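The values are calculated or read from the model by the stated rules, or taken from the named source; none is laboratory data. Just so it is clear, the structure is predicted and the values come from calculations on it, not from any experiment. Don't worry about glycine lacking a Cβ; one is built from the backbone with ideal geometry, like all the others, and counts go over all protein chains shown. Heavy atoms of the whole protein, side chains included, go into the accessibility calculation; ligands, DNA and RNA do not. Shrake-Rupley method; radii C 1.70, N 1.55, O 1.52, S 1.80 Å.
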Amino acid sequence: MKFLITGGAGFMGSNFIRYLINNYPEFQVVNLDKLTYAGNLENLKDIENNPRYEFVKGDIADEKMVDKVMKKGIDQIINFAAETHVDRSILGAKSFIMTDVFGTYTLLEAARKYGVKRYIQVSTDEVFGSTEDGEFTEETAFEPNSPYSASKAGGDHMVRAYWKTFGLPTIVTHSCNFYGPYQYPEKLIPLFITNLVEGRKVPVYGDGLNIREWIYVPDYCQALDTIIQKGEDGEVYNIGTGERKTNIEITRLVLEIMGLDEAMIEYVKDRPGHDRRYAVNSEKLRRLGWEPEHSFEQALKETIEWYREHQDWWKKLKSGEYLKYYKQQYNR
Ligand code: DAU
């Protein structure tokens, strides 16, 4: 089985490629990644010379490039490639539309042309909008609130249309928030850990009471694997853990684990259009036999440990373009 994994140099894609290569000796992976600011081949140093792994630098929105890669004999496509950061989408949405909508379309066309066995869309719970006290099911209507989630919703709708119109075998997954090793330090958890290691304060948006549901990356890899093995074409699966936390709870836990106090918290201007609460109903996936193995607190400790031990990895990232973004985002 040969997989095309797009965006495989990013946080989730690289973790999942490592998982596939290490757990399935018969699987081969072609990793197509544009190497934007969030793509980093160092994430895959340990498997870069594996004969079952191949890296191709390229953009999923580049039709010629995608066509060239498909000629390698791809059986399944898993589309991790995306612009993913909500705050950046507020600063400028064009790259989100190009990658998350047009890039998805390009891959779907290639999947159709080459008759792949399956196309899996990696997507987000954010397409459902915000829920005060309910849960998102696979049937919940899309109500995206940020340019990021609107772009993902556009791509997901296109996947659905290719299943309905052309019978392309597709699966869409909507996951809650990820965390763990190799996450780019712009997202809440790695940003806060790395800021604290550097002796900087952590910027909490608004009142800190927004709620997210969290999944540790090894649990996510097993969830996606379960969907690959047991999921059905044309279906949608939510991926969630039930670990729902306010941002301030997480902030306090990180501070406690790192032996620091609340003086390191800085409340800053809220994110425009900030979704209040996400909560994912993942019963459909659990009926396939998956459940998470890690508790939030233990996994958070392991994540903090990883960032403490891999300072060379993230310190390199917190320079150049990152500093410009940070200034624009936080010193407004
Ligand atoms: O729900 C899944 C989504 O989770 C993914 O689809 C997105 O790609 C991913 O970026 C993430 O979106 P969020 O906006 O929830 O993640 P982020 O880490 O940016 O923020 C998590 C929460 O923390 C959110 O309520 C905003 C808040 N936050 C974030 C940052 C970066 C802060 O309070 N301060 C910050 O500096």
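Listed values, structure above:
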quantity	calculated
Meets criteria (part of a helix (DSSP H, G or I) and of a type in the set (Asp, Glu)) for Asp59	no
Cβ-Cβ under 8 Å pairs, at least 6 apart or on other chains, segment 1-30 side under 14 Å from Gln229 (Cα atoms), far side of a type in the set (Val, Ile, Thr)	Phe3/Val29; Phe3/Val30; Phe3/Ile74; Phe3/Ile77; Phe3/Ile78; Leu20/Ile5; Leu20/Val29; Phe27/Ile21
Segment 226-248, residues that are more than 24 Å from Asn145 (Cα to Cα) and free of Cβ contacts under 8 Å to residues at least 60 places away in the same chain	Gln229, Lys230
Matching residues, segment 141-162, being open to solvent by 60 Å² or more (accessible area, probe 1.4 Å) and within 14 Å of Leu107 (Cβ to Cβ)	Met158
One residue from Tyr162, Tyr148 being over 19 Å from the mean Cα position of the chain (by Cα) and either in a helix (DSSP H, G or I) or farther than 17 Å from Asn210 by Cα (or both)	Tyr162
Test result for Glu249, within 16 Å of the ligand (Cβ to nearest atom) and either more than 22 Å from Ser130 (Cα to Cα) or modelled with pLDDT under 95 (or both)	no
Check on Tyr237, away from the ligand (no atom under 11 Å from the Cβ) and closer than 20 Å to Glu305 by Cα	no
Top-ranked residue of segment 172-200 - restricted to ones that are in a loop (DSSP other than H, G, I, E, B) and farther than 28 Å from Ile227 by Cα, ranked as farthest from the ligand (Cβ to nearest atom)	Gly199
Segment 312-332: number of residues that are within 30 Å of Asp225 (Cα to Cα) and either aromatic (Phe, Trp, Tyr) or touching a helix residue (DSSP H, G or I) at 6+ places or on another chain (Cβ under 8 Å) (or both)	2
Scan of segment 56-94 for residues that are farther than 23 Å from Tyr37 by Cβ and among the small types (Gly, Ala, Ser), ordered by number	Gly73
Cross-chain or 6+ apart pairs with Cβ under 6 Å, segment 203-214 first and closer than 22 Å to Val127 by Cα and in contact (Cβ under 8 Å) with a residue 40 or more places away in the chain, then of a type in the set (Ser, Thr, Tyr) and near the ligand (Cβ under 7 Å from one of its atoms)	Arg212/Tyr278; Glu213/Tyr278
Every pair of residues 6+ apart whose Cβ atoms lie under 6 Å, when the first sits in segment 60-86 and is without any contact (Cβ under 8 Å) to a residue 60 or more places away in the chain while the second is open to solvent by 30 Å² or more (accessible area, probe 1.4 Å) and in a helix (DSSP H, G or I)	Ala61/Met98; Ala61/Phe102
Counted residues, segment 103-132 - those being open to solvent by less than 10 Å² (accessible area, probe 1.4 Å), free of Cβ contacts under 8 Å to residues at least 60 places away in the same chain and at positive phi	0
Checking Val204 against (1) among the aliphatic types (A, V, I, L, M); (2) near the ligand (Cβ under 9 Å from one of its atoms); (3) assigned to a helix (DSSP H, G or I), the condition it does not meet	(3)
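The rows are residues; the columns are (1) under 23 Å from Ala110 (Cα atoms); (2) touching a Lys or Arg at 6+ places or on another chain (Cβ under 8 Å); (3) part of a loop (DSSP other than H, G, I, E, B).
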residue	(1), (2), (3)
Ala9	yes, no, yes
Arg18	no, no, no
Glu26	no, no, yes
Lys45	no, no, no
